[in-house]
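Report on the structure given below.
The values are calculated or read from the model by the stated rules, or taken from the named source; none is laboratory data. If you're wondering where the values come from, they're calculated on a predicted model, not measured in any experiment. Glycine also receives a Cβ, built like all others from the backbone with ideal geometry; neighbour counts cover every protein chain displayed.
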Amino acid sequence: MKVCPTCRKTYSDDGLNFCLEDGSVLTFAAPDAPETVRIPHPMATNPNPGSMQQPSLQTSWGQTPQYSIQPQRSSSRSWLWIVGVIGIVLLLCGGGIVGFFVIAVMNADPANNSVTNSSTTEPTPGTTPKSDDRTDVQRVDLSEWVRETSGFGTTEYTGGEFLMAARQKGYYYVLVAPAEYKTESAKTSVTVRNVDDSASSLGYGLIFLSNPKPLVQGYAFLIDTQRKKYRVVRHEPKKETIVVNWTNSAAIKDGKQENILEADHKNDLIELRINGQSVTSIRNVHGYQGGVAGLYSGDAARIGFKNLEIRR
């Protein structure tokens, strides 16, 4: 025979495990147990149930205390309606908040967004720099840059020009000056010529604020005289990232004509000029501290360079 430890109701079916009245776990009745007594409203053993969240302790006849286990019962579903209403309100309010956040990001200062746009500022179109008072001029002897052999590019010096080209289409060839040719707080310039008027989707031009080890960290100011466009990129190991995408410029002379490229670094801004005209400005975010000057030639175009100099 089994007995309910809560209401004390007894059951003769030993296969029954739970009380049919209150769901308590049935226990076997002691042989000498007194007559079953039903207590409609048992007293809680915890005098202050609000301060402790332990289950109530019930005592069965002739056995040690044990925790009562209540089977799961279906509860009221009214809370589902409350949660649903709250969810709709939050969704509507949240949608407004998200919409505001997206608009705020879209209208935020580009200086806080991606690298492609972060470091560019628009100069006054066609402006020409004032007379240069930088009299400390450091010239780079490009005749010493000729490499007898290189798996990446070709070099030669003829007629006062340093000719340089990548060996394959789709690749670029970069050379930089030694560590003493620093471009920080200086105006770096070079004269560039597309010797054969070749197409170059990558461009060619001036390297500045570069690690003395090429293509590790630094900037490149590049032009394409066939399309009369310029762009700015920066370098990391095995990676070239666009800072200013290809942009049209009437300041560029087409064909085989010479173009003078300048990178004028002042404070954290670098003003970029073509033939004396400002075309764009970028913030010095990724330049190498104490970075040097260099040359860039892309897409196997044979490019002539001369007058690479740094003014302070």
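General remarks:
- Among residues of the range 195-220, those that are farther than 19 Å from L308 by Cβ and either touching a Gly at 6+ places or on another chain (Cβ under 6 Å) or not assigned by TED's automatic domain parsing to the domain that holds V285 (or both), counted: 3
- For the range 214-236, the criterion of a residue being polar (S, T, N, Q), crowded, with 23+ Cβ neighbours inside 10 Å and over 28 Å from the mean Cα position of the chain (by Cα) is satisfied by at least one position.
- When the criteria are applied in full, S278 meets the requirement of being at pLDDT 95 or above and over 23 Å from the mean Cα position of the chain (by Cα).
- Checking each residue in the range 161-201 for being in a loop (DSSP other than H, G, I, E, B), touching a residue at least 60 places away in the same chain (Cβ under 8 Å) and under 10 Å from I303 (Cα atoms) picks out V195, D196, S198.
- Tally, over the range 260-311, of residues that are of a type in the set (S, T, Y), surrounded by fewer than 24 Cβ atoms within 10 Å (Cβ to Cβ) and in a strand (DSSP E or B): 3
- Qualifying residue in the range 230-248 (condition: part of a loop (DSSP other than H, G, I, E, B) and either closer than 25 Å to D136 by Cα or in contact with a Pro (Cβ under 6 Å, 6 or more places away or on another chain) (or both)): no
- Pairs with Cβ under 9 Å, 6+ apart, first in the range 259-280 and without any contact (Cβ under 8 Å) to a residue 60 or more places away in the chain and under 19 Å from L295 (Cβ atoms), second in a loop (DSSP other than H, G, I, E, B) and basic (K, R): I274/K253; N275/K253
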